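So the structure is just underneath, and the comments pick up after that.
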Amino acid sequence: PGLYVEGELAMTWDELVEGGYIELGDDGATLKGVHEGLYGRLVVSEDITAYGNVAFNGSQLEEIWSPCTVLETSGAFGGARELKTVRFFGDLQEMNYACFRGCEKLESVVIPDSVRTIPDQCFSGCAALTSVTLPANLEVIDTDAFSGTAALTHLDFPETLTEIGGGAFSGSGLVEVTLPANVEEIGMNGFSGWGAPARLQA
């Protein structure tokens, strides 16, 4: 764990904490915030089990490696304007509201198979997002989850998917969508707006 710049370890996790670049909660297991001057790749310690809201707000980090024990990530990555890539390791159980909303430069993310719901506005406004690997056990893509993802032209939906919320892909760049047979519900304007798919198959 630590901060890497151009592939080289610049500061260990302990050095980041001791230097005040990482703010932890009283329990020592919640990452409440990072210094806005941090840039490069941050590998988060596996001792971290939760993020505070907008924990990475204002940072210059381009890449974050996150332990998947983290449960509370509501808005945690929002405001990380330079963030391009997120890598999870471990067993993430839950992603909360607007996790990555507004990460304008986010390009790729692989969501662990343990996740069953992509929550409201999770990737809303991630205009540069081009590559998303959905969980093999995904059941729900919630309201506005991928709204405004204009660069996202393709997604492979798992057979376990049953529900797509309203506006989930409104304004996305999807041009062809093949839905699995298990999908029972698509909310209003699920695929509406600019970039709505030219071909939708059930």
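Determine the sum of side-chain charges near M11: Lys and Arg each +1, Asp and Glu each -1, restricted to other residues whose C-beta is under 12 angstrom from that of M11.
Working: positive: R41; negative: E8, D14, E15, E18.
Local net charge: -3.
Only alpha carbons enter this Debye calculation for segment 102-172, each as an equal point scatterer, and the log10 of I(q)/I(0) it gives at q = 0.21, 0.23, 0.25 Å⁻¹ is -0.82, -0.99, -1.16.
Over the Cα atoms of the chain, the radius of gyration divided by the Kirkwood radius equals 1.00; this is the Rg/Rh ratio.
Take every DSSP beta bridge whose two residues both sit in the chain; close to 30 percent of them are antiparallel. From its DSSP helices (H runs of at least four residues, each -39,500 (n - 2.57)), the chain gives a residue-normalised ellipticity at 222 nm of -500 deg cm²/dmol.
Each peptide in 178-186, 48-56, 79-87, 164-172 was scored by the mean count of other Cβ atoms within 10 Å over its residues; highest first, the order is 164-172, 48-56, 79-87, 178-186.
Which value results when the Cα radius of gyration for segment 1-110 is divided by 2.2 N^0.38 Å? Walk me through the numbers before you get to the answer.
On the way: Rg = 12.4 Å, N = 110, 2.2 N^0.38 = 13.1 Å.
Cα-based Rg divided by the globular estimate yields 0.94.
Full-extension gain between L9 and V175, please, as 0.36 nm times their residue separation minus the C-alpha to C-alpha distance.
55.7 nm
A convex hull fitted around the alpha carbon atoms of segment 49-109 yields 63 Å³ per residue. Under 8 Å for C-alpha pairs, at least 6 residues apart: give me the relative contact order for the chain, rounded to a whole percent. Computed over the chain, the figure is 11 percent.
Rounded to the nearest Hz, the phi-derived 3J(HN,Hα) couplings of segment 142-156 under the Karplus curve 6.51 cos²θ - 1.76 cosθ + 1.60 (θ = phi - 60°) are 8, 3, 6, 4, 10, 5, x, 8, 5, 8, 7, 9, 8, 9, 9, where x marks glycine and proline. Restricting attention to segment 2-95, close to 45% of DSSP beta bridges with both partner residues there are antiparallel.
Placing dummy labels 7 Å off each Cα toward the beta-carbon, the span from E36 to E104 is 1.5 nm. Spread over its residues, the convex hull of the C-alpha atoms of segment 143-196 is 60 Å³ per residue.
Give the whole-number value, in cubic angstrom per residue, of the convex hull volume spanned by the C-alpha atoms of segment 5-65.
Numbers: hull volume 4.8 nm³, N = 61.
Per residue, the Cα convex hull of segment 5-65 comes to 79 Å³.
What number comes out for the charge environment of R101, summing +1 per Lys or Arg and -1 per Asp or Glu over other residues with Cβ under 11 Å away?
Working: positive: none; negative: E104, D120, D144.
Once all neighbours under 11 Å are counted, the net charge is -3.
At a probe radius of 1.4 angstrom, the accessible area of the chain per residue rounds to 46 square angstrom. In order along segment 180-192, phi translates into HN-Hα couplings of x, 5, 7, 5, 9, 8, 10, x, 4, 6, x, 10, 7 Hz, rounded to whole numbers, per the Karplus curve 6.51 cos²θ - 1.76 cosθ + 1.60 with θ = phi - 60° and x for Gly and Pro.
The values are calculated or read from the model by the stated rules, or taken from the named source; none is laboratory data. Bear in mind that the values here come from a model prediction, so they are computed numbers and not experimental data. As a convention, Cβ positions derive from the backbone with ideal geometry for all residues, glycine included, and neighbour counts pool all protein chains shown. Side chains are part of the model used for accessible areas, which takes the heavy atoms of the whole protein and leaves out ligands, DNA and RNA. Shrake-Rupley method; radii C 1.70, N 1.55, O 1.52, S 1.80 Å.
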